[in-house]
Each structure stands twice: as C-alpha cells, then as structure tokens.
Amino acid sequence: LSGSMDLEIPGIDPMDGTTFSLGVQHSNLGDNALKFAVGAKIFICSNGMVTGDYAVKRKHTFGLHLYEAIETGVDVYLNRVKHVTVVAEQMKEKELDDVTVDRSLMAAGREGLLSWSRIGQVDKEYNKPTFSDHNEKTAWGLYNAFTYTIQKMPPQYHIRGMNRFREILVNGIAA
C-alpha cells in the first residue's frame, strides 16, 4: 500500500498553493515497514513534498499494536507538520547557481535516488519547467522538478527519494 491523505489541520495554515499531506506505505507481507511521512501536496502539479523523518516507521512483526502505532504516528505528524512551510520557504529563498544544481543532481544519481536517465529528466524539467510556477532558479524550483519526475516511478521510491533530495538541497550537501 502506498498513498497519501490530504489534511486540513486546525490552527496551522499551509503555504499558498499547498495542502498538508500524510504519506503512507505498508506491506501485508511485512517486507516493508508501516511508514507515515510528513509532507505537503503542491496543487499546481500534484507533486508531493516530504519534510523530515518518518512519523512512524515500524516493521509489523510480532508485538505490533497497530492502533497504538497509528495513534503515535498521527501525534508525531501533527507536531512535525508545522515545519512544512518553514522548509518550503527555506528552499524558495535559496538561489542555486549552475554548479550547485549539477552537484545536487550528481549526488541524487550517485545515491540512486533516480536512474541517470531520470536525473536528465529532472535537469530538463528544471531548465524548461512544465509548470510556470516552478520556473524559479532556486532549491524550490529544483525540488519541484525532482518531485515531478519521481512521481513517474513506483510509489515505494517516492518518500525516501523526495526526503533525501530535500536534505541535499536544504543542507547544501552537494555544495
């Protein structure tokens, strides 16, 4: 199971053009842990944005109390969702030069977040965006190009890939 739920959270306003989203992954066979990811959905392109660690990441082996795990996950999600707008604003303010873009994409490729051909698609989307709202030469623009491209892959790659690429951009790992 992979999916997301769009949420309205009383007292917390999402950034313009977004809604808060709770990403979910699960496997009945137990080969994938139950995962809740904190994020937002960007309306103009239906991209997702993951903003931090998982709210829940728990293998469902013997002793898992599902209701308790879900309750804990929702509590952690509500505490962390406040950070979504902060992260997005950081990325919007962070202008990128061509060298930083290239290094960020190279880091994503080397870490296997996307195949090299898809890294090329991210570069193309960043330089000639499908959506005019993503034409900024910032970390936000590059992140949106990345999330637009990763959405074409199977869902089990989305949360890890988007989360890690956000870390690369926000923390300047590739700089």
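The values are calculated or read from the model by the stated rules, or taken from the named source; none is laboratory data. All values derive from a computational prediction rather than experimental measurement. Cβ coordinates were reconstructed from backbone atoms using ideal geometry, including for glycine residues, and neighbour counts include every protein chain displayed. For accessibility, only protein heavy atoms count, side chains too; no ligands or nucleic acids. Shrake-Rupley method; radii C 1.70, N 1.55, O 1.52, S 1.80 Å.
With the condition kept exactly as written, say whether any residue in segment 96-115 is closer than 22 Å to Gly39 by Cα, among the β-branched types (Val, Ile, Thr) and assigned to a helix (DSSP H, G or I). For segment 96-115, residues closer than 22 Å to Gly39 by Cα, among the β-branched types (Val, Ile, Thr) and assigned to a helix (DSSP H, G or I): absent.
Looking at Val101, is it modelled with pLDDT under 70, crowded, with 17+ Cβ neighbours inside 10 Å and in contact with a Leu (Cβ under 8 Å, 6 or more places away or on another chain)? Judged against the criteria, Val101 is not a match. When you check Lys92 against the structure, is it open to solvent by 50 Å² or more (accessible area, probe 1.4 Å) and not in a helix (DSSP H, G or I), yes or no? No; evaluated as a whole, the condition is false for this residue. The residues listed here are Tyr157, Tyr77; of these, the one that is within 30 Å of Gly11 (Cα to Cα) and modelled with pLDDT under 95 is Tyr77. Scanning segment 146-166 for residues that are surrounded by 21 or more Cβ atoms within 10 Å (Cβ to Cβ) and either of a type in the set (Val, Ile, Thr) or more than 12 Å from the chain's Cα centre (by Cα) (or both) returns Thr147, Thr149, Ile150, Ile159. If you go through segment 9-28, how many residues are part of a strand (DSSP E or B) and touching a Lys or Arg at 6+ places or on another chain (Cβ under 9 Å)? Count: 7. Taken over segment 104-154, the criterion of being basic (Lys, Arg) and either over 24 Å from Ser2 (Cβ atoms) or in contact with a Leu (Cβ under 8 Å, 6 or more places away or on another chain) (or both) is satisfied by Arg110, Lys124, Lys128, Lys137. The condition of being farther than 30 Å from Gly11 by Cα and either open to solvent by 20 Å² or more (accessible area, probe 1.4 Å) or at pLDDT below 90 (or both) holds for Gly120.
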